[in-house]
């Protein structure tokens, strides 16, 4: 008799723990809620980063040396030195302008996306006022770096370097064409697709 009693309790406990509260519907709901959260995360537009807009980034020296296939120790040292000096200058520019850039990030990222054209125009002017002088300073240092590397690299290596640099800079630019295509995705001739191919 005791065995039957224990067996009945065991079955009761097993059936209680086997099914979570709310049944399968609860699991499906939490799963669908998770999917909705994931969709929202994917749809979030990329936040504006003023440092990227100003062209503030650093070169990974080891990666550059590997990319350019520099094997000579003397060349490695000189190229590394030029890149280190450039990175130092960019850190300096970044540090001196950090407050302005973080304030700009805050303003742009809290700016209503569906505002009138006049407000957007005013915002672009403000962005330009902050970004342009920094970008010009970065550009001056970039010219110096490129001149230094041109004197150290072979013609083939220099072409590789300029291609690598261009790709690196382009990766920071916001994808304007995609945004435009998303806004103008109406069934009227598909001009957006043509823009993407150009």
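Each value in this text was obtained by applying a stated rule to the coordinates, not by laboratory testing. Just so we're clear, the structure is a prediction, and the values are computed from it rather than from any experiment. For neighbour counting, all protein chains shown are included, and Cβ atoms are generated from backbone atoms with ideal geometry for every residue, glycine included.
Residue 133 falls short on exactly one of the conditions (1) more than 22 Å from residue 173 (Cβ to Cβ); (2) part of a helix (DSSP H, G or I); (3) without any contact (Cβ under 8 Å) to a residue 12 or more places away in the chain, and that condition is (1). Among the residues of the stretch 136-160, those identified as farther than 18 Å from residue 74 by Cα and in contact (Cβ under 8 Å) with a residue 40 or more places away in the chain are 137, 138, 139, 141, 142, 144, 160.
Of the numbered criteria (1) farther than 25 Å from residue 137 by Cβ; (2) assigned to a helix (DSSP H, G or I); (3) in contact (Cβ under 8 Å) with a residue 12 or more places away in the chain, the one residue 111 fails is (2).
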